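Asker: Quick one: the structure is below, and I'll ask about it shortly.
Bear in mind that the values in this text are calculations on the coordinates, not laboratory data. Because the structure is predicted, anything quoted here is derived from the model rather than measured. FYI the Cβ positions are ideal-geometry reconstructions off the backbone, even for glycines, and counts take in every protein chain you see.
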């Protein structure tokens, strides 16, 4: 855990969980954004070279499966989504493997369901696996096991999964990359006077009221799920930042203490500051 978390201390984070969503991994037409994935993997490899420990929580299996199978939209049925995820997850990992291998960085696939992280023994097994991979200087790439997950064992969205992974791995920092600059006091798509809040110290549920919950065409989350995950992480002593993932190099800015995105500060304050 980082002591006395402020912007200029985020660079002290030793273990970092980075979450990236489907909309950041694909173009508006649903095709894979190879350029962005390439930039993301380069940044992660550079952080590993610095001595950081990085875990990547990546959505995209269903979205990429939809593209691969030329379906045009997510299937409506559970079995359809599971089948598409099976296709997409393989392609997603192949893409990551190719990009990471360019920098001689080994990666591992970790697929989780909620029942596994809820059980004491299975949760410990998950933690042990992460520790072994991190000790081997491997980058774990985590996703929900969409091929087998049903409502009873689903996390619901990968934002919440990124919080669970951050907690299980005792991460110092959670970075959620999305398609918006951060947390606004109201929906910036509807209100031109919406203000980007750079620092959140109020960790009560009321901060979620302005977040909204509209899903994307290919993804499953919205700003609400990102705020919820960030708030929970901060409640558990993990600094969390929501930032625009259009240019993954923004991760450098976050670690350099620049005022980008929205920082959720661990603690028990009751204020929102811009």
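Asker: Give me 79, 166, 24 sorted ascending by neighbouring Cβ count inside 10 Å, so fewest comes first. Intermediate values should be presented prior to the final figure.
Answerer: Values: 79 8, 166 28, 24 23.
Fewest-to-most ranking of 79, 166, 24: 79, 24, 166.
Asker: If you don't mind, another one. Among 248, 75, 140, which one moves the most in a GNM of the chain with springs linking Cα atoms closer than 10 Å?
Answerer: Highest fluctuation of the listed residues: 75.
Asker: Considering only the range 7-273, what is the antiparallel percent among its DSSP beta bridges, to the nearest 5? Please report the intermediate quantities before stating the final value.
Answerer: Numbers: 7 of 34 bridges.
If we restrict to bridges inside the range 7-273, about 20 percent are antiparallel.
Asker: Given the range 1-149, what percent of its DSSP beta bridges are antiparallel, to the nearest 5? Display every interim value, and only then the final one.
Answerer: On the way: 1 of 15 bridges.
Expressed as a percentage, antiparallel bridges in the range 1-149 total about 5.
Asker: Determine the gain in length on full extension of the stretch residue 6-residue 193; use 0.36 nm per residue of separation and subtract their C-alpha separation, reporting nm with one decimal.
Answerer: Values: separation 187, 0.36 × 187 = 67.32 nm, distance 2.69 nm.
Extra length from residue 6 to residue 193 when fully extended: 64.6 nm.
Asker: Related question: Can you give the extra length, in nm with one decimal, that the chain gains between residue 170 and residue 204 once fully stretched, where that is 0.36 nm per residue apart less the Cα-Cα distance? Before the final figure, lay out each step's value.
Answerer: On the way: separation 34, 0.36 × 34 = 12.24 nm, distance 2.20 nm.
Length difference between fully extended and current span is 10.0 nm.
Asker: Give me the percent relative contact order of the range 7-273, please, defined on Cα pairs under 8 angstrom at least 6 residues apart. All intermediate terms of the calculation are to be shown ahead of the outcome.
Answerer: Details: 546 pairs, mean separation 65.6, N = 267.
25 percent.
Asker: Given the options 108, 120, 13, which has the most mean-square fluctuation in a GNM of the chain, springs set between C-alpha atoms less than 10 angstrom apart?
Answerer: 120
Asker: Which of 171, 239, 76 moves most in a GNM of the chain, Cα contacts under 10 Å?
Answerer: Per the Cα network of the chain with a 10 Å cutoff, 76 tops the list.
Asker: Using the number of other C-beta atoms within 10 angstrom as an exposure proxy, rank 190, 249 with the fewest first. If you can, show how the numbers build up before the last one.
Answerer: On the way: 190 8, 249 12.
Ascending number of Cβ neighbours within 10 Å: 190, 249.
Asker: Full extension from residue 104 to residue 256: what is 0.36 nm times the residue separation minus their Cα-Cα distance, to one decimal in nm? Intermediate results must be reported in sequence, preceding the final value.
Answerer: Working: separation 152, 0.36 × 152 = 54.72 nm, distance 2.55 nm.
This chain segment gains 52.2 nm when fully extended.
Asker: Please work out which option in (1) 13.6; (2) 15.0; (3) 16.8 gives mean projected area of the Cα convex hull in nm² calculated from these coordinates, and answer with its label.
Answerer: Label of the calculated value: (1).
Asker: Would you calculate, for the chain, the mean residue ellipticity at 222 nm contributed by helices, counting each DSSP H stretch of 4 or more residues as -39,500 (n - 2.57) and dividing by all residues, to the nearest 500?
Answerer: Details: 9 runs with 104 residues, N = 274.
Using -39500 (n - 2.57) per qualifying helix, the result is -11500 deg cm²/dmol.
Asker: Related question: With 10 angstrom as the radius, rank 41, 204, 9 by how many other C-beta atoms surround their C-beta, starting from the fewest.
Answerer: On the way: 41 24, 204 11, 9 15.
Listed from fewest to most nearby Cβ atoms, that is 204, 9, 41.
Asker: Could you check the simple spin-label distance between residue 131 and residue 249, using points 7 Å along Cα→Cβ, in nm with one decimal?
Answerer: In this crude spin-label approximation the distance works out to 3.8 nm.
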